[in-house]
């Protein structure tokens with residue numbers, strides 16, 4: 001039994017040494033490709049540009065494909081305009097590049113109620129529900145600084161955030177961000193508008 005174990009152990013050690021010597025250092029001591037028992041998806045089938053391929057079954061066999069209809073590259077000029085960035089020529093636009101209608105204001109109110117009201121409050125005075133939990137650093141949208149802020153700057157803040165406020169670009173579509181800007185301006189006008197600016201048709205209803 002001892003002789004068997006002796007030979008078994010010797011063969012085992014020689015076998016391990018052989019495997020390590022042949023496979024373990026292959027690629028580091030030589031230029032030969034290492035032997036991989038578990039490749040772990042290091043090399044996968046893929047498409048290389050400007051070549052033919054059998055990986056995908058296209059009739060022409062070309063790897064480079066025409067973009068699907070309706071897609072827009074993030075690197076294109078699509079982003080570089082006032083509607084999508086709130087900027088024109090590198091500066092924030094003064095006025096929103098959309099027509100403000102009743103439907104736009106309704107959409108703005110809906111989105112404001114979901115994303116803005118918890119902090120800025122129903123009236124935009126910074127007294128939302130979060131103020132009851134110690135979050136006091138919330139802007140009052142009626143302060144003079146924000147009244148004079150360009151529409152494009154407010155749009156940018158909604159999308160990208162500012163100070164302790166997070167950005168909502170991933171949650172609020174571009175058009176809806178402008179709708180929120182329009183609604184914020186409506187909230188400000190509700191406090192600042194002069195009587196002469198109120199349409200005569202509705203003036204008696206608010207007196």
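Where a number appears in this text, it was derived from the coordinates with a stated rule and is not lab data. Keep in mind that this is a model prediction, so the values were computed, not measured. Every residue, glycine as well, gets a Cβ built from its backbone with ideal geometry; the counts of neighbours run over all protein chains shown.
Taking other Cβ within 10 Å of each residue's Cβ, how do 94, 99 sort, fewest first?
99, 94
Within 10 Å of each residue's Cβ, count the other Cβ atoms and sort 177, 43 from fewest upward.
Ascending number of Cβ neighbours within 10 Å: 43, 177.
Label the stretch 115-191 by shape, choosing from rounded, prolate and oblate, from the square roots a ≥ b ≥ c of the eigenvalues of the Cα gyration tensor; if a/c is under 1.5 it is rounded, and otherwise prolate applies when a/b is larger than b/c, oblate when it is not.
The shape class here is oblate.
Provide 133, 9, 92 in ascending order of the number of other Cβ atoms located within 10 Å of each residue's Cβ, fewest first.
133, 9, 92
Taking 0.36 nm per intervening residue step and subtracting the Cα-Cα distance, what contour gain separates residue 148 from residue 160 on full extension?
Contour length minus the Cα-Cα distance gives 2.4 nm.
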